[in-house]
Amino acid sequence: MKVLVLGATGGTGRLIVRNALAKGDSVVALVRSKARARDLPAADVIEGDARDEAALSRALDGCDAVISALGTGLSPFREVTLLSTATRALVAAMIRSGARRLVCITGMGAGDSRGHGGFLNDRLILPLLLRNVYKDKDRQEAAIRASSLDWVIVRPAVLNNEPPRGNVRAVADLAGVHGGKIARADVARFVVDQLTTDTWLRRTPLILW
């Protein structure tokens, strides 16, 4: 399988690239700067803006699927549009190219997972620091849901850089879920697995330990 990875130079994105290559997939990485992608192993690196539909179309040439691990920094005061703008462009480019499978990482607190992040996350971090980011994640998810693609939206709990445990808990019923954490390495493995399984097709699993 040939996979386009967006956000490949981020902490989780780099692990996604490694996991996909380890499974025998070929990987294309669309990055803003090739200089930041010098250490991506065996990936075909293409420089371009993920919000540019033409750049996405070039990167999608021959691809079967896309993993989006796009992220954005804290923005408590300014509107965030990167995620939704890039996703709308991606959906259009994928439909034109014929690539069907889209696996997208958003986060715990997006959509109907809001209110399940625990006291600190729900009362302080999200409303004070991540409010605008999560508004854009909601728009991002809406754009994916409205598409005709074969999509999976993955919502990780709070990310860390601990060693992987391998025992990821994926849930759709959020009753009783109040926070949690998960290693980036476990997220990467789960996300890559969604390229070849329909277990969570057109669903929004929250993943945590």
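The values are calculated or read from the model by the stated rules, or taken from the named source; none is laboratory data. Only a predicted model underlies this, so the values are computations on that prediction, with no experimental measurement involved. All Cβ positions, even for glycine, are placed from backbone atoms using ideal geometry, and neighbour counts span all protein chains on display.
Could you figure out which of (1) in a helix (DSSP H, G or I); (2) of a type outside the set (Gly, Ala, Ser); (3) closer than 30 Å to residue 125 by Cβ; (4) modelled with pLDDT of 95 or more isn't true of residue 36?
Going through the list (1) in a helix (DSSP H, G or I); (2) of a type outside the set (Gly, Ala, Ser); (3) closer than 30 Å to residue 125 by Cβ; (4) modelled with pLDDT of 95 or more, residue 36 breaks only (4).
If you check every pair at least six apart or on different chains, which have Cβ atoms under 8 Å apart with a residue in region 1-25 that is more than 12 Å from residue 186 (Cα to Cα) first and a residue that is among the β-branched types (Val, Ile, Thr) and assigned to a helix (DSSP H, G or I) second?
So the pair list comes out as 5/16; 5/17; 8/16; 8/17; 20/192; 23/192; 25/192.
Just one of (1) of a type outside the set (S, T, N, Q); (2) assigned to a loop (DSSP other than H, G, I, E, B); (3) within 30 Å of residue 127 (Cα to Cα) trips up residue 90, so point out which.
Status for residue 90: all satisfied but (2).
Would you check if residue 101 is modelled with pLDDT of 95 or more and crowded, with 22+ Cβ neighbours inside 10 Å?
Details: modelled with pLDDT of 95 or more: yes; crowded, with 22+ Cβ neighbours inside 10 Å: no.
Against the criterion (modelled with pLDDT of 95 or more and crowded, with 22+ Cβ neighbours inside 10 Å), residue 101 does not qualify.
Restricting the search to region 99-119, which residues are under 16 Å from residue 195 (Cβ atoms) and either assigned to a loop (DSSP other than H, G, I, E, B) or of a type in the set (S, T, N, Q) (or both)?
Of all residues in region 99-119, those under 16 Å from residue 195 (Cβ atoms) come to 99-105.
Selection gives 99, 100.
Filter region 46-65 for residues that are touching a residue at least 24 places away in the same chain (Cβ under 8 Å) and either assigned to a strand (DSSP E or B) or aliphatic (A, V, I, L, M) (or both) and give the result.
Once the filter is applied, which keeps residues that are touching a residue at least 24 places away in the same chain (Cβ under 8 Å) and either assigned to a strand (DSSP E or B) or aliphatic (A, V, I, L, M) (or both), region 46-65 yields 50, 55, 56, 59, 60, 65.
I'm trying to understand the selection: among the residues of region 163-193, which are out of contact with any Leu (no Cβ under 7 Å at 6 or more places or on another chain) and more than 21 Å from residue 116 (Cβ to Cβ)?
Matches in region 163-193: 163, 164, 166, 189, 192, 193.
Might you check whether a residue that is among the polar types (S, T, N, Q), at pLDDT 95 or above and over 13 Å from residue 205 (Cα atoms) occurs anywhere in region 143-155? Talk me through it step by step, then tell me what you get.
Residues of region 143-155 among the polar types (S, T, N, Q): 147-148.
From what's left, at pLDDT 95 or above: 147-148.
If we keep only those that are over 13 Å from residue 205 (Cα atoms) as well, we get 147-148.
Yes; the residues of region 143-155 include at least one that is among the polar types (S, T, N, Q), at pLDDT 95 or above and over 13 Å from residue 205 (Cα atoms).
Of a type outside the set (Gly, Ala, Ser), under 25 Å from residue 81 (Cα atoms) and surrounded by fewer than 15 Cβ atoms within 10 Å (Cβ to Cβ) - does that describe any residue in region 193-209?
Yes, region 193-209 contains a residue that is of a type outside the set (Gly, Ala, Ser), under 25 Å from residue 81 (Cα atoms) and surrounded by fewer than 15 Cβ atoms within 10 Å (Cβ to Cβ).
How many of the residues making up region 158-198 are among the small types (Gly, Ala, Ser), more than 14 Å from residue 19 (Cβ to Cβ) and under 13 Å from the mean Cα position of the chain (by Cα)?
Residues of region 158-198 that are among the small types (Gly, Ala, Ser), as a first pass: 166, 170, 172, 175-176, 179-180, 183, 185, 188.
Next, only the ones that are more than 14 Å from residue 19 (Cβ to Cβ) stay: 170, 172, 175-176, 179-180.
From what is left, the residues that are under 13 Å from the mean Cα position of the chain (by Cα) are none.
The number of residues fulfilling the criteria is 0.
Condition check: touching a His at 6+ places or on another chain (Cβ under 8 Å), on the phi > 0 side of the Ramachandran plot, in a loop (DSSP other than H, G, I, E, B) and not β-branched (Val, Ile, Thr). Does residue 179 satisfy that? Walk me through how you get there before you give the answer.
Working: touching a His at 6+ places or on another chain (Cβ under 8 Å): yes; on the phi > 0 side of the Ramachandran plot: yes; in a loop (DSSP other than H, G, I, E, B): yes; not β-branched (Val, Ile, Thr): yes.
Yes, satisfied.
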